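Structure record follows, encoded as C-alpha cells.
The values are calculated or read from the model by the stated rules, or taken from the named source; none is laboratory data. On a predicted model such as this, the values are computed, not experimentally measured, just so you know. Every residue, glycine as well, gets a Cβ built from its backbone with ideal geometry; the counts of neighbours run over all protein chains shown.
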Amino acid sequence: PLSNRVAIVTGSTSGIGLGIARALAAQGAAIMLNGLGNPDEIARTRDTLAEETGTSVEYDGADIAQPDQVAGMIARTAHAFGSVDILVNNAGVQHVAPIDAFPVERWDSVLAINLSGAFHAIRAAIPGMKANGWGRIVNVASAHGLVGSPYKSAYVAAKHGILGVTKVAALELAESGITANAVCPGYVWTPLVEQQIDDQARSHGIPREQVIREVLLKKQPSRRFVTVDEIGAVVAFLCSPGAASITGAAIPVDGGWTAE
Ligand code: NAD
C-alpha cells in the first residue's frame with residue numbers, strides 16, 4: 001500500500017527507528033535510513049533491509065543536532081527518490097541527572113536532537129509534501145511527552161515540546177492532505193534496555209525477571225515491554241489511508257502507563 005511512497009526515518013540505525021523502517025519497508029515504501037554508528041554495520045543493516053523487503057533503501061548520515069545537515073538530508077532524499085512523503089522523527093537521546101546538577105551542554109544537546117531536529121526536518125519537508133498534496137509526519141515522542149519522571153528534565157521537556165509542534169503542524173496542514181501525529185511509547189525492548197537489565201541485575205543482586213517487573217516496568221501496568229514491531233505497526237497505520245483523519249494526535253503505546 002505504500003509502494004509509491006518515500007520515507008525518512010531519523011535515528012533508524014538501531015532500536016525503534018529500525019523497527020519503524022522495517023514496518024514501512026514491508027509496506028513497500030522506499031526508505032532513507034539515518035543515524036549514528038559503525039559504517040560497515042550500517043551498510044549491512046541497509047543491505048539486509050533491502051533484501052528482506054525488496055524495496056530501495058539508502059542511508060544519510062546527517063547529524064540531527066545540526067539544522068543545515070537536517071535540511072540537507074531532506075533535499076538529498078528528494079533528489080535520490082523523487083520526493084519525501086513520510087517523515088518519521090525518531091532520533092533521540094537521554095541524559096539522567098537532577099536539575100541542579102544537570103550539565104548545561106547536555107540540556108542543549110538533548111533539546112537540539114529530540115526537539116529542534118524534528119522541527120528542522122518538518123520545516124524542510126513541508127514544501128514538497130504540500131506540492132504533492134499528500135504527506136505523513138510522525139514524531140516519536142514518549143510516555144514522557146505526557147507525564148514526567150524525576151531526573152529527566154531535558155528529555156521530558158523535549159518530549160512535551162514535540163507534542164506541541166505536532167499539534168501546530170497538524171493545524172497548519174489540516175487542509176493540505178498532510179497529517180502530523182505523535183506516538184508515545186512506554187518502555188520498549190531495544191538493545192539499550194537489554195544492556196540495562198543485565199547491569200541492574202548485577203548491581204542489585206536480583207534475577208533478570210525481578211529487574212524487569214520491579215525496576216524497569218514499575219510504571220508499565222502491562223508488566224511487559226512494548227516491542228519495536230508494535231511501534232512500527234502503529235506508524236504504518238498512521239501512514240495508511242484509514243488514518244487520513246487522524247491528525248494532531250498523541251497516541252500512547254505504553255501498556256497503560258499514562259492511564260494511571
Ligand atoms: P536507540 O539509542 O536504540 O536509537 C536512537 C537512534 O537515534 C540511533 O539510531 C542513533 O544513532 C540515533 N541518533 C542519536 N543521536 C543522533 C544524532 N545526533 N543524529 C542522528 N541520529 C542520532 O534508542 P531507541 O530506544 O530506539 O529510541 C528511539 C526513539 O524512541 C527516541 O526518540 C526515544 O526517545 C524514543 N523512546 C524510546 C523508548 C524506549 O523505551 N526505548 C521509550 C519511549 C520513547
One residue from Q210, Q195, Q200 being under 19 Å from G17 (Cα atoms) and at pLDDT below 95
Q195
If you take the residues of the stretch 179-215 that are more than 9 Å from the ligand (Cβ to nearest atom) and touching a residue at least 24 places away in the same chain (Cβ under 8 Å), which of them is farthest from the chain's Cα centre (by Cα)?
T179
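Taking the stated definitions as given, is P39 free of Cβ contacts under 8 Å to residues at least 60 places away in the same chain and over 22 Å from A180 (Cα atoms)?
The answer is yes for P39.
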Quick check on I162: is it touching a residue at least 40 places away in the same chain (Cβ under 8 Å), in the same structural domain as S12 (by TED's automatic domain parsing), closer than 25 Å to S245 by Cα and in a helix (DSSP H, G or I)?
yes
Being over 15 Å from the mean Cα position of the chain (by Cα), under 24 Å from G92 (Cα atoms) and either small (G, A, S) or at pLDDT 95 or above (or both) narrows T227, T258 down to just T258
Within the stretch 231-248, count every residue that is in a loop (DSSP other than H, G, I, E, B) and in contact with a helix residue (DSSP H, G or I) (Cβ under 8 Å, 6 or more places away or on another chain).
4
Which one of the conditions (1) under 24 Å from A233 (Cα atoms); (2) surrounded by fewer than 16 Cβ atoms within 10 Å (Cβ to Cβ); (3) within 18 Å of the chain's Cα centre (by Cα) does L24 fail to meet, given that it meets all the rest?
(2)
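Any chance you could count how many residues in the stretch 93-124 are within 16 Å of the ligand (Cβ to nearest atom), assigned to a helix (DSSP H, G or I) and out of contact with any Asp or Glu (no Cβ under 9 Å at 6 or more places or on another chain)?
16
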Could you list all residues from the stretch 71-92 that are in a loop (DSSP other than H, G, I, E, B) and surrounded by fewer than 14 Cβ atoms within 10 Å (Cβ to Cβ)?
G82
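Of these, A65, A23, A7, which one is within 23 Å of P185 (Cα to Cα), in contact with a helix residue (DSSP H, G or I) (Cβ under 6 Å, 6 or more places away or on another chain) and within 11 Å of the ligand (Cβ to nearest atom)?
Working: A23 fails: within 11 Å of the ligand (Cβ to nearest atom); A7 fails: within 11 Å of the ligand (Cβ to nearest atom).
After applying the criteria, what remains is A65.
Output the residue which, of all residues in the stretch 55-70 that are assigned to a helix (DSSP H, G or I) and in contact (Cβ under 8 Å) with a residue 40 or more places away in the chain, is surrounded by the most Cβ atoms within 10 Å (Cβ to Cβ).
Filtering the stretch 55-70 down to residues assigned to a helix (DSSP H, G or I) leaves 67-70.
Okay, now just the ones that are also in contact (Cβ under 8 Å) with a residue 40 or more places away in the chain, so 67, 70.
Numbers: P67: 17, V70: 28.
Here the answer is V70.
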Filter the stretch 205-260 down to residues that are under 19 Å from C184 (Cβ atoms) and basic (K, R) and give me whichever is surrounded by the most Cβ atoms within 10 Å (Cβ to Cβ).
K219
